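Novice: Quick one: structure below, then a few questions.
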Amino acid sequence: MTVESTAARKPRRSAGTKRTAAKKPPGAQPDLVQLLTPEGKRVKNGEYDAYVADITPEELRGLYRDMVLTRRFDAEATSLQRQGELGLWASLLGQEAAQIGSGRATREDDYVFPTYREHGVAWCRGVDPANLLGMFRGVNNGGWDPNSNNFHLYTIVIGSQTLHATGYAMGVAKDGADSAVIAYFGDGASSQGDVAESFTFSAVYNAPVVFFCQNNQWAISEPTERQTRVPLYQRAQGYGFPGVRVDGNDVLACLAVTKWALERARRGEGPTLVEAYTYRMGAHTTSDDPTKYRADEEREAWEAKDPILRLRTYLEASNHADEGFFAELEAESEALGKRVREVVRAMPDPDRFAIFENAYADGHALVDEERAQFAAYQASFADEGEGIQR
């Protein structure tokens, strides 16, 4: 499976599905920080160039590798769900640059609070991709130790991780550490009260936290214009800290802006809101059908801004990568997909009685009763099986 073929995948439109008009003209662009155009041309930015000025060709190839392998893993996970191996999957297709750029901007001692779609950030933090799938297969509650990588477990409750991040950042400040915290959320989560509270507390206590909003323009079937009357990054002004909108399909811009925001937090200058303006090219999750609420023309316009193809064009034009590099990466990509599939299928079933543990510190009669009822229910299947055999 090549990068190009993955990028070009389109959801099938069922017969008779009504087309809706694209929300914006194909060429429309909001005011944002951009260092690499959709055509793969490097452009200057006086404020943020310094944060990527010393990037080497090897590091550029590394960013490209990160995005390609993350997309390959994501495609494999989607296939696994379609084949009944996962209960659900939240794809990041189209958002690789926002996640890899921001993820590579973090330091080892920074702490990351993700939602449930930050597979690229997890990759940057050294979390084995296969470990991400245990929760979606229902065999564990996360699959990794958050303190091993300073990467918190995935958060399903929309927006609540921003409160966790703010509290953690306030603790970092009280400890006198020079590390920073970054919290990820989407445009839909920006309407949650938890996010508003996080903005308030982080501003008042000058917490060293970066709020990284991946605005993929669709909160399931709700477009961004139903979430806000102004660009999301402008909300920070009302809380007293800066907000920046960055081209979320430009990995260099995402790297530079996030570095700036994190350094600002480490210097004790408080929170920043980064809005990565990107696009969800796939479904919200595998239970969603985006063809019911958005136009093919809109998706096609954004495919022309694909973050992976954009960086590849720049690498080739700058002679920073040759065909040998791309061929080796393609082989590595396929090997990753195969390993992920094998690991998922080999995952053991969870302990069915674990749900009753740790509900109460000292035990509880009702829990004991429910456990006994569940045990009897499970035993009934074995009895039925024995009856059939007899």
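The values are calculated or read from the model by the stated rules, or taken from the named source; none is laboratory data. As the structure is a prediction and not an experimental result, all values here were calculated from the model. Positions of Cβ are backbone-derived with ideal geometry, glycine not excepted, and every protein chain shown enters the neighbour counts. Please note that ligands, DNA and RNA were not included when accessible areas were found on the heavy atoms of the full protein model with its side chains. Shrake-Rupley method; radii C 1.70, N 1.55, O 1.52, S 1.80 Å.
Novice: What's the lysine pair count for the chain at a Cα cut-off below 28 Å, pairs eight or more apart or interchain?
Specialist: 23
Novice: So, one more: Taking only Cα atoms of segment 197-288, what ratio of Rg to Rh do you get with Rh as the Kirkwood inverse-distance radius?
Specialist: Working: Rg = 14.1 Å, Rh = 14.0 Å.
Result for segment 197-288 is an Rg/Rh of 1.01.
Novice: Which percent of the accessible heavy-atom area of the chain goes to carbon and sulfur, probe 1.4 angstrom?
Specialist: About 51 percent, which is the carbon plus sulfur part of the accessible surface.
Novice: Suppose accessible area is computed on protein heavy atoms with a 1.4 Å probe; arrange LYS41, LYS174 from highest to lowest.
Specialist: LYS174, LYS41
Novice: Which value at 222 nm does the chain reach when only helices count, each DSSP H run of 4 or more adding -39,500 (n - 2.57), with the total divided by all residues and rounded to the nearest 500 deg cm²/dmol?
Specialist: Calculated at 222 nm, the ellipticity per residue is -14000 deg cm²/dmol.
Novice: Along segment 230-242, what does the Karplus equation 6.51 cos²θ - 1.76 cosθ + 1.60 (θ = phi - 60°) give for ³J(HN,Hα), rounded to whole Hz, x for Gly and Pro?
Specialist: 10, x, 4, 5, 6, 4, 4, 4, x, 9, x, 9, x
Novice: So if the hydrodynamic radius of segment 241-313 is defined as the Kirkwood radius over C-alpha pairs, what does Stokes-Einstein give as its diffusion coefficient at 25 °C and 0.890 mPa s, in µm² per second? Can you show the working numbers first?
Specialist: On the way: Rh = 14.4 Å.
It diffuses with D of about 171 µm²/s by this estimate.
Novice: Next question. I want to verify the translational diffusion coefficient of segment 45-163 in µm²/s; compute it with Stokes-Einstein, Rh as the Kirkwood radius over Cα pairs, at 25 °C and 0.890 mPa s. Mind dumping the intermediate values first?
Specialist: Details: Rh = 15.3 Å.
Reported coefficient: 161 µm²/s.
Novice: Could I ask something else about it? At a probe radius of 1.4 Å, what is the per-residue accessible area of ARG107, in Å² to the nearest 10?
Specialist: 80 Å²
Novice: Now a separate question. Taking the Cα centre of the chain as origin, work out the dipole magnitude from +1 charges on Lys and Arg Cβ and -1 charges on Asp and Glu Cβ, in debye rounded to 20.
Specialist: In debye, rounded to 20, the chain gives about 1280.
Novice: Which of GLY268, VAL246, VAL230 sits farthest toward the positive end of the charge dipole of segment 228-343, with +1 on the Cβ of Lys and Arg and -1 on the Cβ of Asp and Glu?
Specialist: GLY268
Novice: Also, quick follow-up: Kirkwood hydrodynamic radius, computed over distinct alpha-carbon pairs, for segment 309-390: how many Å, to one decimal? Before the final figure, lay out each step's value.
Specialist: Values: mean 1/r = 0.0539 Å⁻¹.
The Cα-based Kirkwood calculation yields 18.6 Å.
Novice: What are the semi-axes of the equivalent ellipsoid of the chain, taken as the square roots of 5 times the eigenvalues of the Cα gyration tensor, listed largest first and rounded to whole Å?
Specialist: 36, 28, 22
Novice: Name the residues whose placed amide hydrogens come within less than 5 Å of the amide hydrogen of PHE151, ignoring near sequence neighbours (fewer than 5 apart) on the same chain.
Specialist: Under 5 Å from the amide H of PHE151 lie the amide H atoms of VAL112, each far enough along the sequence or on another chain.
Novice: So, for the chain, what is the accessible surface per residue at a probe of 1.4 Å, expressed in square angstrom?
Specialist: 46 Å²
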